[in-house]
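The values are calculated or read from the model by the stated rules, or taken from the named source; none is laboratory data. Predicted model, so just to flag it, every value in this text is computed and none were measured. Heads up, the Cβs are rebuilt from the backbone with ideal geometry, glycines too, and the neighbour counts pull from every protein chain shown.
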Amino acid sequence: MRDHKRIAGIGTCAVVLAQLTACGLTAAATPAEVLLRADTDRDGRLTSADDDRRDGWTDARGAIMLPNLDDDTSRCPVKGRGGERLTDAALAACNDAADEVVNGEDDAADLAPLEIPAVKGVSSAARATLLPDASSRDRVRIFIDRGGRLTALGADGGIRADELRRGVRLAVEARDFVRDTAVWSGFGDLTLTLTDGGRTRSDTVRLRVAPVLFQHDLLRLDQAVVASPAAPVTLEGGNAPAERTPGAKEYRRDLRRGLNAEGLRKPFIESPAGGDQWMGDMFKSGYASMPGPDGKEHHIVVNLRSPAVPPDFPARDRPLRDASRPVFTMMRGPGVAGLQQFDAEAVDRPDDNLYYGSASSSGNFGTIPPYGEYPTGRILYGGEGDFTPDKTFIRMLEAQGHQAPLAVDTSWLGVGHLDEFLHFVPRQGGKGWSMIVADPRLGMDLLKQVARDGGGSQPLVGGIAPADTPFPGLTVAQALTKPELVNGTRIATAGVERALRQLRDGAGITEADIIRLPALFTRLDLPDDYPRKDLTVTYLPDVVNGISTGTGGYLAPAQHGPRHDGRDVFQHATERALERAGVRVHWIEDWDYSHNVGTAGGDIHCVTNVQRDLTGTTPWWRSTGGRTPAKN
């Protein structure tokens, strides 16, 4: 592994110093003046306007530091010394905050500015120390400008008398996010203690680490993340024969067309998958931000690896899904961090995923777009009873102090993921968005209408070989009395309405905020000893299991429903409903690639992840909502 103790180069330091100079090293301080200054007013500059209440932190005022977990010089290894696969812990351990240097110009931009204004009249015998409080000692690193280089301040925090007389430029990084407020609140109190001539003075500034926030569906899509078409070759140098997953060509063709139609022409991010194409379940895209030098929001992308432990994990030191490893092996880099948090004890309970479904998969997490007291959006996840995501992952999300996570019941779904029955699209007026919801009764009503209009004898599924459908040859008329579909409609209707009540009570989402779209649910046939009962999946592709482009487009799975007047009735009803909200629909063929796979399958959102453009986010520090972590 590379030497993590090297000294930052002169070029990097020049950039760092230029940024700190822009913040403004102030005139000499008198004994009654400020000894230590941080960007308390959050304008990206260090001025006297920062001096008020600098030892406190509120929603309106207080300095911010980034969790510096990206890899700005792409130095982190993806394999061991001998080419062996690294453990999950080893993959997550490397980042810019794991060493004691400034890793290039981009890393410099991730540091929070700090300064000691020049102190007049200190003697050559003066001694000063700058140290974090005990709770953040191992979680905050301070850099000091010495000889034109930013170097890590020593463990003793010592600052020389000549430095105090000149004034000192410094920079700060957080070495992690808040994961559990019982362990660390996320605040770092930095105290400068100056002793000279028998007199001791001290000054303290408080910084808070930026929270990790989920991206939301109204942000413009930047790039789609799909499974590499070569499987299982692509996982960290594997050399098995390449095998295309059935239906991949059609899915990728239509996805490309839909994105191009919305002006989104960046190539796919081809993620190594090893044959596990469910990209939507591998990670959740987030970000962290702080005020930049120009006062604008400075971001890093944070990809949160799914904490799901599959029944057959590769090894005890690699318990998470192999296809989620690219969060570190490929995607981590300049301006992009990876974050991993899971309950190590879950490694001993892999049957939880076998019997209860992968509640911890990222397809079971979503984000309500900005509203009311949540200007950055709010986290949603599915969880009820024994079907709940990783407890330490939820604790970490709650600890961020924003986007207060809200749980809704998804235990009635076969896979049990939130993306099986809701999504969010833009809408003019109201909250600025609508929640699209799978409506089982609407789906059955469409079949009844087709039958009344004389189409009851046509196949329920169009354009697919009967052998590739769950009930080969089933007609529309037969579907209306098919026990699996009738019971599936009943169970799913109750499940959807229960979830909507929870969303109304927990988030104020009412029927005025909802667009109902047709869906056809079937009850799964499971063994009698299976611990979960009355589970459903969508029989036709799940239209709400799609991707909002952030440009007014929506990528939805092609329905293959019955036809009336030459049109697929499910697609036509969806297009009409979304057209009223100003949303364009692009149909993506995914029957073979994802929908008709395994017992429960999945659709577009399940196999497509996205990175979104963060220029449209609202700075979280301007929020009046959420809560801040308690002081240690």
Problem set entry | Selection within the range 61-91 - out of contact with any Leu (no Cβ under 8 Å at 6 or more places or on another chain), in a helix (DSSP H, G or I) and surrounded by 15 or more Cβ atoms within 10 Å (Cβ to Cβ) | ALA90, LEU91
Problem set entry | Residue among ALA29, ALA8 that alone is at pLDDT below 80, surrounded by 15 or more Cβ atoms within 10 Å (Cβ to Cβ) and farther than 18 Å from LEU111 by Cα | ALA29
Problem set entry | Qualifying position, being β-branched (Val, Ile, Thr), under 26 Å from ASP281 (Cβ atoms) and in contact with a Pro (Cβ under 7 Å, 6 or more places away or on another chain), among THR549, THR493 | THR493
Exercise. In the range 156-177, which residues are within 16 Å of LEU131 (Cβ to Cβ), assigned to a loop (DSSP other than H, G, I, E, B) and within 34 Å of the chain's Cα centre (by Cα)?
Worked result: ARG175
Problem set entry | Matching residues, the range 513-549, being more than 18 Å from VAL415 (Cα to Cα) and in contact with a helix residue (DSSP H, G or I) (Cβ under 8 Å, 6 or more places away or on another chain) | ILE514, ILE515, ARG516, LEU517, PRO518, ILE547, THR549
Exercise. Does ALA97 count as under 17 Å from ASP71 (Cα atoms), buried (at least 17 other Cβ atoms within 10 Å of the Cβ) and modelled with pLDDT under 95?
Worked result: no
Problem set entry | Residue check, ASP281 surrounded by fewer than 17 Cβ atoms within 10 Å (Cβ to Cβ) and charged (D, E, K, R) | no
Problem set entry | Hey, TRP620 surrounded by 18 or more Cβ atoms within 10 Å (Cβ to Cβ), within 30 Å of ARG61 (Cα to Cα) and modelled with pLDDT of 95 or more or not | yes
Seminar exercise, completed: Selection from the range 405-425 of residues within 20 Å of the chain's Cα centre (by Cα) and among the acidic types (Asp, Glu) yields ASP419, GLU420
Exercise. Yes or no: ARG220 in contact with a Lys or Arg (Cβ under 9 Å, 6 or more places away or on another chain), touching a residue at least 40 places away in the same chain (Cβ under 8 Å), surrounded by fewer than 23 Cβ atoms within 10 Å (Cβ to Cβ) and not small (Gly, Ala, Ser)?
Worked result: yes
Problem set entry | the range 373-402, subset surrounded by fewer than 24 Cβ atoms within 10 Å (Cβ to Cβ) and among the polar types (S, T, N, Q), residue nearest to ALA507 (Cα to Cα) | THR388
Seminar exercise, completed: By residue number, the members of the range 265-283 that are out of contact with any helix residue (DSSP H, G or I) (no Cβ under 6 Å at 6 or more places or on another chain) and touching a residue at least 40 places away in the same chain (Cβ under 8 Å) are LYS266, PRO267, PHE268, ILE269, GLU270, GLY275
Exercise. Being free of Cβ contacts under 8 Å to residues at least 24 places away in the same chain and not assigned by TED's automatic domain parsing to the domain that holds ARG321, is that true of even one residue in the range 55-74?
Worked result: yes
For this session: Kindly list the number of the only condition in (1) within 30 Å of GLY62 (Cα to Cα); (2) hydrophobic (A, V, I, L, M, F, W, C); (3) more than 20 Å from the chain's Cα centre (by Cα) that fails for MET290.
Result: (3)
Exercise. In this structure, does ARG199 turn out to be farther than 30 Å from ALA60 by Cβ and of a type outside the set (Phe, Trp, Tyr)?
Worked result: yes
Exercise. So which residues in the range 416-444 are in a strand (DSSP E or B) and either in contact with a strand residue (DSSP E or B) (Cβ under 6 Å, 6 or more places away or on another chain) or free of Cβ contacts under 8 Å to residues at least 40 places away in the same chain (or both), if there are any at all?
Worked result: LEU422, HIS423, PHE424, VAL425, PRO426, TRP433, SER434, MET435, ILE436, VAL437, ASP439
For this session: Working only within the range 368-415, note down all residues that are of a type in the set (Phe, Trp, Tyr) and either under 26 Å from GLY430 (Cα atoms) or part of a strand (DSSP E or B) (or both).
Result: TYR371, TYR374, TYR381, PHE387
For this session: Any residue in the range 231-242 that's among the hydrophobic types (A, V, I, L, M, F, W, C): show its pairings with residues that are modelled with pLDDT under 70 at Cβ separation under 9 Å, as long as the two are six or more apart or on different chains.
Result: ALA231/ALA240; VAL233/ASN239; VAL233/ALA240; VAL233/PRO241
